[in-house]
1. Summing Lys, Arg as +1 and Asp, Glu as -1, what charge do residues with Cβ under 10 Å from the Cβ of Arg135 carry, Arg135 excluded?
2. Would you work out the relative contact order for the chain, in percent, from Cα pairs under 8 angstrom that are 6 or more residues apart?
3. Which of the listed residues, Ile31, Ser200, Ser71, is farthest toward the dipole's positive end in the chain, when Lys, Arg count +1 and Asp, Glu count -1 at the beta-carbon?
4. Counting helices only, and only those DSSP H runs with n ≥ 4, report the 222 nm mean residue ellipticity of the chain as the sum of -39,500 (n - 2.57) divided by its residues, in deg cm²/dmol to the nearest 500.
5. Suppose we keep just the alpha-carbon trace of the stretch 1-99; what are its Rg and Dmax in angstrom?
6. Return the FRET efficiency for the residue pair Ala69, Glu220: r is the Cβ-Cβ distance, R0 is 35 Å, and the value is rounded to the nearest 0.05.
7. Let's see if you can work this out: charge +1 on each Lys and Arg Cβ, -1 on each Asp and Glu Cβ, no other charges. What is the dipole magnitude of the chain about its Cα centre, in debye to the nearest 20?
8. Which net charge results when you count Lys and Arg as +1 and Asp and Glu as -1 among the other residues whose beta-carbon is under 14 Å from that of Glu10?
Amino acid sequence: MTVVESPEYEPGHGLLKGRTAVITAAAGAGIGGATARRFLEEGARVLIGDAHVRRLKEYEAELAGEFGASSVAALPCDVTDEGQVQALFEAAVREHGRLDVVVNNAGLGGTSDLVEMSDEMWSKVLDVTLNGTFRCTRAALRLMRADGRGGVIVNNASVVGWRAQAGQAHYAAAKAGVMALTRCAALEAAEYGVRVNAVSPSLAMHPHLVKVTTPELLEELTAREAFGRYAQPWEVANVIVFLASGYSSYMTGEVVSVSSQHA
């Protein structure tokens, strides 16, 4: 298989200058962490949330050291807890006076055949991945509606919301739900000047994914990619930047595939 190498890292162009963003599940090396870094490089102020407190504080310190303490803040947030969700969004407005962009990145996976899947396993994945996106979208829309200046919400879906994969019934159902939520929220939010879109990655590699996925499955998933490689998290973050910026001003209710999987 021919492997197409990753492109060079694109420098920032000020696409999000002066905007305030909330990004969930943004501690460390995954898509959320890459998105936080890209937003800062594009001139945004970011408030990152994550349920993993130690990693969150470490990443906050790392980003603050690079971009300045006034540009980045962090608050622990478990998106299954409505009180913590409210606290996260209230902090964004309190610290920066407004909320411009929300990236709903929090999600939980796992592998289990349906016949072996417990109610608890099913419910936990849906509560983080779908219900968490709902809670954060609701909180964001309430603030953006009251503010009256519009805004952008970008949700993280997945190609498994479209395509079947054994052992992923709970995750696929949750991500398909995120896609449907995105489309419905977009229709409701349009009157407030708020755009709601989603990205749908296939395989973006990071250390946490390696820990919970077998080498055999990772090899199989990589073989499905036309580029012969997995995506770097920042390649997904680049598309999130596009959706958050003015370059996508006439897009809402869309789910954008970030994938080289064979059709």
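Here, each number is a calculation from the coordinates, and none is a lab measurement. Values in this document were obtained by computation on a predicted structure and should not be read as measured data. Every residue, glycine among them, receives a Cβ derived from its backbone with ideal geometry; neighbour counts consider all protein chains shown.
1. On the way: positive: Arg138; negative: Asp81, Glu82, Asp127.
For residues surrounding Arg135, the net value is -2.
2. Details: 514 pairs, mean separation 53.9, N = 263.
Taking the mean separation of contacting Cα pairs over the length of the chain, I get 20 percent.
3. Farthest towards the positive pole: Ser71.
4. On the way: 9 runs with 113 residues, N = 263.
Calculated from helices alone, the mean residue ellipticity at 222 nm is -13500 deg cm²/dmol.
5. 14.4, 52
6. Working: r = 44 Å, r/R0 = 1.24.
E between Ala69 and Glu220, to the nearest 0.05, is 0.20.
7. Values: 23 positive and 30 negative charges, 146 e Å.
Roughly 700 debye for the chain.
8. Values: positive: Arg37, Arg38; negative: Glu8, Glu41, Glu42, Glu235.
Local charge sum for Glu10: -2.
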